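Just below is one structure, and these are the notes that go with it.
The values are calculated or read from the model by the stated rules, or taken from the named source; none is laboratory data. None of the values given here were measured: they were computed from a predicted structure. No Cβ is skipped: glycine too gets one built from the backbone with ideal geometry, and neighbour counts run over all protein chains shown. We work out accessible area using only protein heavy atoms, side chains counted, and drop any ligands, DNA or RNA first. Shrake-Rupley method; radii C 1.70, N 1.55, O 1.52, S 1.80 Å.
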Amino acid sequence: MINIIIIGTGNVSYHFSEVILKKNNLRLIEVCGRKNTIPEHFNKSISYSNNINKIQSADIYLICVSDNAIESVNSQLNINEESIVVHSSGSTEMNCLSKHKKHGVLYPLQTFSLNSQVDFNNIPIIVEASANEELIRIKELSSILSKKVIECNSTQRLSIHISAVFANNFSNHMNVIAEEILEANNIDPNILKPLILETSKKTQYLKFKEAQTGPAKRNDQITIEKHLILLKKTKHFDIYKKITEEIIKSNHEL
């Protein structure tokens, strides 16, 4: 049995608490946060504290707070030196936890929202540890949560995080732009959802470059020019032009 305390009450903390509660070989001792009471979407059976100085004992302390709050939270955390402290960030170096003898990282490569359930079993979990003993323990926990556990150093993990920003955050912003263009022309943006879904399905068996379609892939300058004329006086002109140039370059370079 691995005893766990989660520090933080955001989306990542919530989803970790949900999956830990479902595992017979894991015990969620407590959630610790700044709020006076635990947010209402959390399971009511969870013990909660808003005083990190009175935190209970656990085998692993999982820090699930915003990146810029990790060091502050860590500095306030005083625990048994045999316990392991990990954070769940993709971009924060492991060494920020070096105050503690045993420390590491358990980073789930997924986007988390309160109203969307996720299957932890298929989420890649990126792990790192200060020594082999801690690595074994962190891997043990991660393997209970997911079938996909990957060991990386902090630099590799940062490259994964950057890639995730391009693949997820930036691509979704393209959807935001598409939504704005359609709404400006009194068209329901939901018409794009089957297209977005099909593109996502294709990338499950094709390389991303192979799944690319569209006028830039074909270097269809007539269509591209029509689009640019339509976008000429909008804030989306430059980004369309730049991304189109990048796709053309990627697919037509000698």
Fill in: Karplus 3J(HN,Hα) series, Hz, for segment 161-178 with 6.51 cos²θ - 1.76 cosθ + 1.60 (x for Gly, Pro)
5, 4, 4, 5, 4, 4, 6, 10, 5, 5, 5, 5, 5, 4, 5, 4, 4, 4
Worksheet, complete the sentence: Cβ-Cβ cut-off under 15 Å around H161, Lys and Arg +1, Asp and Glu -1: the net charge is -2
Practice prompt. With both partners inside the chain, how many of the DSSP beta bridges are antiparallel, as a percent to the nearest 5?
Written response: 20 percent
Discussion item. Around Q56, under 12 Å between beta carbons, what's the net of Lys plus Arg minus Asp minus Glu among the other residues?
Written reply: 0
Item to complete: Using Cα positions and a limit of under 20 Å, work out the aspartates and glutamates in reach of K249, with same-chain residues fewer than 8 apart set aside.
Response: E210, D220, E225, D238
Worksheet item: Build a GNM of the chain with springs between Cα atoms under 10 Å: which of S72, S163, S143 gets the top mean-square fluctuation?
Response: S72
Item to complete: Mind grabbing the accessible area of Y240 for me, 1.4 Å probe, Å², rounded to tens?
Response: 50 Å²
Discussion item. How much accessible area per residue does the chain have, counting only protein heavy atoms and a probe of 1.4 Å, in square angstrom?
Written reply: 60 Å²
Item to complete: Run down the lysines and flag those whose C-alpha is under 19 Å from the C-alpha of K101, throwing out any fewer than 8 positions away in its chain.
Response: K139
Worksheet item: Over what distance in Å are the Cα centres of segment 174-201 and segment 67-96 separated?
Response: 40 Å
Worksheet entry | Value of [θ]222 nm, deg cm²/dmol, for the chain, DSSP H segments ≥ 4, -39500 (n - 2.57) each, nearest 500 | -11500 deg cm²/dmol
Discussion item. Taking every DSSP beta bridge with both residues inside segment 85-209, roughly what % is antiparallel (nearest 5)?
Written reply: 50 percent
Discussion item. For a quick check, take a GNM of the chain with Cα springs below 10 Å and name the residue from A69, A164, A184 with the largest mean-square fluctuation.
Written reply: A184
Worksheet entry | Antiparallel DSSP beta bridges within segment 75-136, percent to nearest 5 | 65 percent
Practice prompt. Enumerate by residue number the GluC sites (Glu not before Pro) in segment 56-135 meeting two conditions: DSSP loop (anything except H, G, I, E, B), and at most 15 other Cβ atoms within 10 Å of the site's Cβ.
Written response: E81, E82
Item to complete: Please compute the net charge surrounding T37, taking Lys and Arg as +1 and Asp and Glu as -1 over other residues with Cβ under 14 Å from its Cβ.
Response: +1
Discussion item. Can you tell me how segment 1-155 classifies by the Cα gyration tensor, rounded, prolate or oblate, using a/c under 1.5 as the rounded cut?
Written reply: rounded
Item to complete: State the percentage of accessible surface on the chain attributable to carbon and sulfur atoms; use a 1.4 Å probe and exclude ligands, DNA and RNA.
Response: 51 percent
